[in-house]
Each structure stands twice: as C-alpha cells, then as structure tokens.
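Participant: One structure coming up, written as structure tokens, with questions to follow.
The values are calculated or read from the model by the stated rules, or taken from the named source; none is laboratory data. It should be emphasised that the depicted structure is a prediction, and the values quoted were computed from it without experimental measurement. When we count neighbours, we look across all protein chains shown, and the Cβ atoms used for this are built from the backbone with ideal geometry, even at glycine.
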Amino acid sequence: MYTFSDIIGQDLIISHMQQAISSNKVSHAYIIEGEIGMGKKLLANTFSKTLQCEKHGIEPCDTCESCLNFNHSNHPDIEYVIASNKTGYGVSDIREQVNNTLHIKPYSSQYKIYIIDQADSLTNQSQNALLKTIEEPPSYGIIILLVANSQNLLATILSRCVKITVNSVAKPLILSYLKDREGLSEYDANIYASFSRGNIGKAMQLYQDESFKEMREFLIDIFDKIISKDTIGLLTAAKKMESYKDKINIIFDIMLSWLRDLMVLKTTKGEKYLIHLDKYKTLLKQSGYMSYNRISVLIERIEETKSNFRLHANFQLSFETLLLI
Ligand SMILES: [Zn+2]
C-alpha cells in the first residue's frame, strides 16, 4: 500500500516526484489538482511516505520506522490539516495547525509535511495566512494542497507552488485494474471502466453504488417501452426519473451508451465494442425493432436535452418531452 508502483496510469507525475526526490530538488509547496476520485490523496500520501523513508530511495522501503509509522497512520512528521468548520478552512485552522507548528523541527524525519485536502475551500484570508509560510518556509517544510480546481486559489499562492495536474487514466488500464486488483468480472469491469471517464475512484464508486445497477435496468426498460409505444408506461417512467435527479449525468450517460451499443449492433453485428456486453440478448432484440434512423434521432434528442438541461428545469416535463417521441 502507498508505493508508486501501485499507482495506475500516472507515470508522468510519478517520474516527476521520483526525480525530485532522487535529485534532492523537492519544492516547499505543491498543488495537486484533479477531480474527486482521481487519486490526489493517494499521490500526496505516497510522495510524503517516500520523502520520509529512512532509506531515501524513490520508493518507500516499507520496513523502516518511518514507513511503518506511516502504514499505521501514525507518522509524527506528516500532518493532515483539518477544517474546523464544515464550510471550509478558516484562518485560525491555518494559524494553529500550520503556521504555529511549522517552526518546530521534524520529530524524526527529514521533512515536516502538511497535507491540506480540499484546499479549494480555503478562504482568501486563510490563503493569505498560508502565503506567509509558503513564502519563507524552513528548509524542512513542505505543504501540499489538494484541489479540484486550482483557479479557486489566489494567484499569489499559485505562483509559489509547483502545480501537478492529475490526468484521466486510459480505459484499458482501468479495465485491467478492476479485473486484476478488484476482482470484477470482464463484463462488470467493461461497464464501470466505460463509465469512469478515466477516473478509477469514480469506477469504484459506481461499482459499489447499488443504485447504478438499478438505474441501468430502469433505463433499459424505458427503451422497451419506447419500442412498444407504451405511452402510459413512459409517463410513469418520466415521473420516476425525478427520484434520480441528483444522478442526472449518469442517466444521460447510460442512455447514450445504450443507444450507441444498439448502433454498434446495427452496423457491425459484433460484440467486440459493446459497453453493455452483459445485456447482449436484450440489445440484439431491441436493435431488431429499431431502425438506424430512429436510434440516431434518439441519440440527438438525448444529447440536446443533456446540453440544455438545467438543474432547476421541470424534470418530469423534460423527460416526458424526450421520451414521448
Ligand atoms: Zn522506509
């Protein structure tokens, strides 16, 4: 756990971090930017563990006292700054947890590392408090800010930090991760890798979310209703859609991927490129009832609804209009 070799698909970042360690050119402040689930915390933790390892290699040794302390979540020189307020970090959090403790030398390691997760929620005042520390850090001090969007930080902070952007991971890498490390079946791995948009955390979250499977069944059934022109069934479905309101993007994604699978079957008859491979029989049946044109029109309409969709739109009405073609 927490070794660079365990991290999937972030080779550039890893080589940057390892190079900084081996050439002893570690910066005093980093920003790691990426959406939730992309592995920002994993990278920050692995970097910190390796920096503190007593063997000073480019991978943590997992046997020294520092590595063992880290593995027991009990490292005296790696601090996780905590926001005392639900809405984010206040200036007192930064003063008390960072500014007032940084001058105390590391207890046993080479560095004293502070990790600030969700640093997007630092108020301007707390960023200004942090700025002083970032400007004149002691030689052993390292501050790592994890953010979804670095534009939420002040330009003065941005200009003093090394920014690392976590990129999306290629689908085949996610696919093999889900199969080999998480033990998912080929079918499941294929679905969740396709929906992850290059985000392993998102793939895992969808896999663990029972409502994803439920939603998929519900949406597949909607296409059966469209084929059989079951108007009453579609009106009921449009109403039920409301309960999935907070998962609207996934709803559109499932519908679009299903229609694309229908299109693939129409044009190639092959299974190779299907996302919903586990539903091959249903796909084949539905594709027999829908013309190429009908599928294209549906894809266009869903894409149109997706791009025009506003959070406060009349949900039921939008779906009634969409489904009752
Ligand atoms: Zn070690």
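Participant: Consider Ile78 carefully, then state whether it is in contact with a strand residue (DSSP E or B) (Cβ under 9 Å, 6 or more places away or on another chain), assigned by TED's automatic domain parsing to the domain that holds Gln18 and within 16 Å of the ligand (Cβ to nearest atom).
Facilitator: The answer is yes for Ile78.
Participant: So the check is Cβ under 7 Å with 6+ separation or different chains; which pairs have a first residue in the stretch 139-167 that's assigned by TED's automatic domain parsing to the domain that holds Gln97 and assigned to a loop (DSSP other than H, G, I, E, B) and a second one that's exposed (fewer than 15 other Cβ atoms within 10 Å of the Cβ) and not hydroxyl-bearing (Ser, Thr, Tyr)?
Facilitator: Tyr140/Lys105; Ala148/Ile36; Leu154/Asn124; Arg160/Glu135
Participant: Among (1) within 13 Å of the ligand (Cβ to nearest atom); (2) surrounded by 20 or more Cβ atoms within 10 Å (Cβ to Cβ); (3) under 25 Å from Ser159 (Cβ atoms), which single condition is Tyr30 missing?
Facilitator: Evaluating Tyr30 over (1) within 13 Å of the ligand (Cβ to nearest atom); (2) surrounded by 20 or more Cβ atoms within 10 Å (Cβ to Cβ); (3) under 25 Å from Ser159 (Cβ atoms) leaves (1) as the failure.
Participant: Same structure again: Does Lys55 count as farther than 24 Å from Glu136 by Cβ and away from the ligand (no atom under 16 Å from the Cβ)?
Facilitator: Answer is no for this residue.
Participant: Restricting the search to the stretch 68-98, which residues are surrounded by fewer than 16 Cβ atoms within 10 Å (Cβ to Cβ) and polar (S, T, N, Q)?
Facilitator: Within the stretch 68-98, Asn71, Ser73, Asn74, Ser84, Asn85, Thr87, Ser92 meet the criteria.
Participant: Considering only the stretch 90-104, I want to know if a residue exists there that is outside any loop (DSSP other than H, G, I, E, B), within 20 Å of Arg160 (Cα to Cα), without any contact (Cβ under 8 Å) to a residue 40 or more places away in the chain and within 13 Å of the ligand (Cβ to nearest atom).
Facilitator: No.
Participant: Name the pairs: first residue in the stretch 107-132 and within 22 Å of Lys41 (Cβ to Cβ), second residue of a type in the set (Lys, Arg), Cβ to Cβ under 7 Å, at least 6 apart or on different chains?
Facilitator: Every condition considered, the pairs that remain are Asp117/Lys41.
Participant: Can you name the residue in the stretch 127-138 that is over 26 Å from the mean Cα position of the chain (by Cα) and not in a loop (DSSP other than H, G, I, E, B) and is also modelled with the lowest pLDDT among such residues?
Facilitator: Step by step, filter the stretch 127-138, then rank; the result is Lys132.
Participant: Here's a follow-up. Considering only the stretch 270-287, state which residues are in a helix (DSSP H, G or I) and under 12 Å from Leu259 (Cβ atoms).
Facilitator: Leu283, Gln286, Ser287
Participant: List the helices (runs of 4 or more DSSP H) inside the stretch 176-247, counting only whole elements, that have at least 2 residues being in contact with a Gly (Cβ under 7 Å, 6 or more places away or on another chain).
Facilitator: 200-208
Participant: So which residues in the stretch 58-73 are within 14 Å of the ligand (Cβ to nearest atom) and either of a type in the set (Ser, Thr, Tyr) or at pLDDT below 95 (or both), if there are any at all?
Facilitator: Of everything in the stretch 58-73, those that are within 14 Å of the ligand (Cβ to nearest atom) and either of a type in the set (Ser, Thr, Tyr) or at pLDDT below 95 (or both) turn out to be Thr63, Ser66.
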